[in-house]
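Encoded as structure tokens, the structure appears first; notes follow it.
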Amino acid sequence: MTPINYYLGLGALLFAIGTVGVLIRRNLIVVFMSIELMLNAVNLTFIALGRAMGSADGQVIVFFVMIVAGVEAAVGLGIILAAFRNRLTVNADEFNLLRW
Amino acid sequence: MTTWFPVALMTAFAALVVGLMVTINAIVGPRSRDPVKGEAFECGNPPSGSAWRRFSVHFYLTAILFLVFDVEVVFLYPWAVTIRQLGATGLVEAGIFIVLMLAGLIYALRRGMLDWS
Amino acid sequence: MIVEFPALNLLLLMPAIGVAFNLFFGYRLGRSAVNTVSVGVVAIAFALSVWATVKLATMPPGSCLQAQLGPWIYAGPLRLDVLLRFDALAAVMSLVVSGVGCLIHIYSCGYMGEDPDFARYFAYMNLFTFSMLLLVLAGNLLLMFVGWEGVGLCSYLLIAFWYDNPLFAFNGRKAFVVNRIGDVGFLLGIFVLFSAFASHGLWTLDFAEMRERAGLISPAIATIACLLLFFGATGKSAQIPLYVWLPDAMVGPTPVSALIHAATMVTAGVYVVARLNFLFALSPSTMEAVATIGTVTAFFAATIALAQSDIKRVLAYSTISQIGYMFLGAGVGAFGAAIFHVVTHAFFKALLFLGAGSVIHALGGEQDMNRMGGLRRRMPLTHAAMLAGTLAISAVPGFSGFFSKDEILQAAYTSGHKTLWLIAVVTAGLTGLYMFRLFFLTFYGKPRLSEERFAEVHEPPFVMAMPLVVLAALSVFGGLIGLPEGVLWGNQIGAFLAPITGRVSAAPAQAVMLLSAITSGVTFIGIILALIGYVVIPTLPERLAAWAQGLYRLLWSKYYVDELYDFLITRPVLFLSSAILGRNVDSLAIDAVVDGTGEAVQGGATAVRRVETGNVQHYVLIYLGGVLLIVGYYLLSALRH
Amino acid sequence: MQALGPLILSWRSVLAPGIVALTAVVTMLVGSGLSEDESESVGWIALTGLVAAAIASLAASGDHIVTFGGSLIIDDYTAFFYLLIPVCSAVVVLFSFDYVAALGLPATEYYALLLFATTGMMLMAGAGDLIVMFLGLETMSISAYVMAAMAQRDPKSSEAGLKYFLLGAFSTGFLLYGIALLYGATGSIKLEAVAQMVRKHSIALSPFVLLGLGLILVGFGFKVAAAPFHVWTPDAYEGAPTSVTALMAVGIKLGAFAGFIRVLLIYLAPLHAQWSGVLWALAALSMTVGNLAALAQENIKRMLAYSAIAHAGYILVGMTAGRSEVGPALLYYLLGYAFANLGAFAVLVAVEQAQQSGTKLDDLSGLARNHPMLAAAMALFMLSLMGMPPLAGFVGKFYIFSVALESRYVWLVIIATLNSVVSAYYYARVIVAMYMREGAERQAQTRQPTLLFALAVAALATVIIGLLPHPYISASSAAYASAEQVLRPATAALQTK
């Protein structure tokens, strides 16, 4: 069986990739996809831990996280759409009406 | 540390293979740069318009609805597996869950989300 | 002996009733109703104070009256009650607050007779009286702090009362901010005391209980706490370094200056020190600091007062100077004398402000003494009253200020603070000089006002004159409650306060006489200098004009005296006061500290604000920075194990 | 796999949030069947539901009981927030009526989302495991994201929603990762089990627990707007419709702190030595950043956002102390903070409507002349937030700071006290603008009985909670004590073993 550390390491790596994506990508949709990647990295971690410890809790959480991610997708795309309608751009740099 | 050794080996190997293939391709591959070559392939027809098109928002709304009802199953499936152990309580709870989803569906209908006219 | 005395609640609540009345019905019911109620509630409060004091006086020394309005903050072991306690110190203070306050309320009826915002004015004044009474009656430190902040708020509201003038509003805010700076010290002092006593199981901050257990506090803690509290006191009582707000506070209505910025609120710092004397006694170094700051403030403020031409500003600096005396008294252990001086100062300074107010009122808002002069003839009553006040503040023997100031100076001398004593004596001379300068410039000499305006000058109406007369009488005779030991009935107020404030051992009789003589002598020198400079010489040219021959010589003489005066006193003093203090110290150093802090804070504000670039990915970066710091911290601590 | 033991399902634990959630569904269904104009009246349905939930909150009071397999907790702490949160939301509903119409917000969705957000806040207060805590947090946050972006035609609103959402979702990732690590270290997501595990020295100091703890601090720090995780706050508060800002400043803070305090101070108390240092830094930074930046603001909503950050800092000062004496102080402080803020935002809503103006400081000039009651109320709220005795803000601050000092966090208390002095300046600016500056002549105010009622509730609460703090402190103490009960039997059980 594959040692749990591999899963955890992969999870951490995916999480880091997602984080970097949020930080450097300019397209809001891609930023949002990076966030989803982070959530799924955590999901992987949960599954791996749950399986390693023989507890179902890990999998239960993943169901909930998936739901939350889905809802966030729905809401997030809606908000990005609203922002796009107002500003005709999805470039993260250009949203700076509110500052200071 | 030894547990990580295969990973490192794997990574190095993958990098090596990919690097090799890309490099060889770049060196030996023939190249012809003309506009036709750069065009998108649309089954032989000359491509028209931009690939960046906006879709009707209805596609998107439907996708969201699909997402919601798709994910619903995630909760119903484990319940179905343990339906006997959970008994009446489980039945009531699943019922509440389904009724709530139904309320969401009614709301979506009233807001005209499935109205394509 | 502790006696329950529920009327104390009423005493406190009377002004609160006035506030509610003025706020909700004031404008609807009109001016006379507002005047009646506002004065009435304070008068009732005064009557109740008298009743309570009489009752207290018949009880054995050291007893007190108390009333509990209810529990306030009970949390865990914390036990704070709304407890009012009326002991000798509170008695003296509440008599002054409600008594002088009542007179000033009466005077205000005339002074604010034409102001459209009378209801708001009286609401603030009653609120002030309420807060001040709460401050002096509070049985624990935190309740006192409520009153302390309340008077600060009222002071701010009343300074900026005529807020249409942006300068006034600015000055109000300056007062507020400077006071809040002091309040940091005060609040921290409360915290320190609280934690010190709490570690010995005392969770009430109750004055009486703290007094009983003061011995448990280590001198170091007492020093820290007392210094912090004293820093707060310098804010409210306008001492170095936080005195800058008081002269600017003079833009408020003059009765406000009389009540808040002369008679009562600014002495709150002295009251706090006297109230907590058992703590200050634990820390000789703090006592030294109090005495030194008081003396230095007294001297510097007096020199500044010499160079001012605005009548209210002179009085403001004299207030700062007099409070300096009070702190000197407190600092050398003569807490009773300090409180005594609070009382007499309340009488004569309220009188002086109200007199100045009459003058300003009569002159249609004119405050510059260079445009006054000769008012004696048009305002004989005000003139007489001001004379009484000036004699009292200059500590001319026999007048009220003499007894209290003398007691402080003697305590300073006998306790071995000879340098401070010397500075204080010189300051006494300066006091005579600047106060009589004010007096002469205003009431003597040729009228410097245009004739039409001079002809319109009139005595104040009865409601304004009456308080003047009463306060004049108090300024003249008020000192009799504290005669030196061995003279007639001796020091009554000292004996009354002794259970709270303790007593200092009196100096031998000859020394008393000698010290008094020195002080009085210096005072008289100051007065005579004022007389020469502002009365005698200005009249000489007229007489010399008659004697045509001696004109040149006497003109020269006048010039000579003026020059001498200018060279020997005004120049150095002016140099000190306007060049160093007035401009350099006052505006540069202190304003630089105050404004500089302000600018540093503003600069910090701008810097912090610029972090918010509006770019969501910059936010992510900041967020990640925080995450990395925290994760790094935990990784390091995990590695350590 | 664990055996599915007998499930203890207590209706008491879900009654109040259930009512709110059900009302949300009813609002959604009823409102979507009505025309645009009619649908504004669904606010009354929402109000009824919230009031009913507040009454039903009493059902959750009592001894500490864990139900739904450890997912929900019944005790006075839960009841305290089950009562407070719907009341605050109800006040928001009260001053939303005309505002929603004036801004052209979709009323049905507005009230439904407000109710869903309220449900989430309540779940956070009653959560007994980390999943429910997470779900409550997301329910409340996701609703708030949408509400912030609700003024569709206002680019600022959608930008506020966008930033709030992106950073919120990003932050969710970290919180979740923290939960995952804690789960991995302790083998459970039930708070009680986690608490028992971290008592063991070997587990408490494992990297998993420490990193998990750190990331949970990050996640909650974001929700309570503690610096440096506060960056979203000013933008989101400024851009969102004012009534939504009120909900964010009060409701979300309450929910987040309810969860944060329970998790950290009660269940992770054994790790106090590990988290107090980080909280110390967060508290000091939040207070300083919040107060300094607030000084330079011209928009009152933005200023109140920074003030909210500063107040989070004050609360964190108390949490840093971490002793059980501080618990009641925190709850009491939240109480005073909630009503003063609600009131301040209610005044802003009123001003926006009465004057057809924005929420700049200049827009408040001369308010005392034009609307004396509004100005007086605003002054009261500012004074309370400033910490002027005897109002609630002062008593709360004194209470928190004195406990912190008692725990020897001297420097933190000094920083806090200095900060509260700085804060006086910007709160005073509002008062100065209202009372001491001339504003343009404005037209007469529109009469709004519900808004005035909301304002009166907030003003009365601010005064009464400050003047007569005793009953409220007792209630806070009882609430906190009952939440703490969980530790005692556990300790006893450990000892008997």
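Where a number appears in this text, it was derived from the coordinates with a stated rule and is not lab data. Model, not experiment: these values are computed from the prediction. Because the Cβ atoms are built from the backbone with ideal geometry, glycine has one as well, and the counts that use them run over all protein chains shown.
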- Message: Quick check: the angle from helix D:392-406's long axis to the longest principal axis of chain D, C-alpha only, nearest 10 degrees?
- Response: 30 degrees
- Message: Need the C-alpha centroid separation for the stretch D:147-198 versus the stretch C:43-61, integer Å.
- Response: 64 Å
- Where does the charge balance sit around D:Ser476 when Lys and Arg score +1, Asp and Glu -1, over other residues with C-beta under 13 Å from its C-beta? -3
- Query: Residues with beta-carbon under 13 Å from that of D:Gly327, excluding D:Gly327: net charge, scoring Lys, Arg +1 and Asp, Glu -1?
  - Reply: -2
- Mind ordering B:17-23, C:341-347, D:285-291, D:129-135 by average Cβ neighbours within 10 Å, highest first? C:341-347, D:285-291, D:129-135, B:17-23
- Query: What list of ³J(HN,Hα) couplings, whole Hz, do you get for the stretch D:275-292 from phi and the Karplus terms 6.51, -1.76, 1.60, once you set θ to phi - 60° and write x for glycine and proline?
  - Reply: 9, 5, x, 5, 4, 3, 5, 4, 5, 4, 5, 4, 4, 5, 4, x, 5, 5
- To the nearest 500 deg cm²/dmol, what mean residue ellipticity at 222 nm is calculated for the protein assembly as shown from DSSP H runs of n ≥ 4 alone, each contributing -39,500 (n - 2.57), summed and divided by the residues? -24000 deg cm²/dmol
- Message: Taking the 0 to 90 degree range and rounding to the nearest ten, how far is the long axis of helix D:326-355 tilted relative to the main principal axis of chain D, both from C-alpha atoms?
- Response: 20 degrees
- Whole-Hz Karplus ³J(HN,Hα) for the stretch D:71-88, in order, using 6.51 cos²θ - 1.76 cosθ + 1.60 and θ = phi - 60°, x for Gly and Pro? 7, 10, 10, 10, 6, 5, 5, 4, 4, 4, 7, 4, 7, 5, 5, x, 4, 5
- Reference-scaled alpha-carbon Rg (2.2 N^0.38 Å with N residues) for chain C: 1.02
- Angle between chain D longest axis and helix D:11-33 axis [Cα atoms, degrees, rounded to 10]: 40 degrees
- HN-Hα J couplings of the stretch C:41-56 from phi, Karplus 6.51/-1.76/1.60, θ = phi - 60°, integer Hz, Gly and Pro as x? 5, 5, 4, 4, 4, 5, 4, 5, 4, 4, 4, 4, 5, 4, 4, 5
- Query: Volume per residue, Å³, of the convex hull around the alpha-carbon atoms of the protein assembly as shown?
  - Reply: 232 Å³
- Peptide D:178-191 - average C-beta neighbours from other chains (10 Å radius): 5
- Query: Which cross-chain or sequence-distant (5 or more) residues have an amide H under 5 Å from the amide H of D:Arg437, H modelled 1.01 Å from N in plane?
  - Reply: D:Gly366
- Dipole of the protein assembly as shown [Lys/Arg +1, Asp/Glu -1 at C-beta], most positive-end residue of B:Phe97, D:Val30, C:Pro461: C:Pro461
- Query: Under the definition of partner shielding as Cβ atoms of other protein chains within 10 Å of a residue Cβ, what is the mean value for peptide D:142-153?
  - Reply: 3
- Percent antiparallel among DSSP beta bridges with both residues in the protein assembly as shown, to the nearest 5? 90 percent
- So how do D:416-422, D:355-361, D:316-322, C:225-231 stack up, highest first, on mean other-Cβ count within 10 Å? D:316-322, C:225-231, D:416-422, D:355-361
- Message: Which three numbers, in whole Å and largest first, are the semi-axes of the equivalent ellipsoid of the stretch C:129-238 derived from its Cα gyration tensor as √(5λ)?
- Response: 32, 15, 8
- Long-range amide H contacts for C:Trp72: which residues qualify at under 5 Å (H placed 1.01 Å from N, peptide plane, sequence gap of 5 or more or a different chain)? C:Leu80, C:Asp81, C:Val82
- Note on the structure: Note: A:38-48 gets an average of partner chain Cβ contacts (10 Å, Cβ to Cβ) equal to 4
- What whole number of Å gives the distance from the Cα centroid of the stretch D:215-255 to the Cα centroid of the stretch D:291-336? 12 Å
- Query: Membrane-span-like helices in chain A: DSSP H runs reaching 27 Å or more (Cα, own axis), mean Kyte hydropathy at least 1.6?
  - Reply: A:4-24, A:28-53
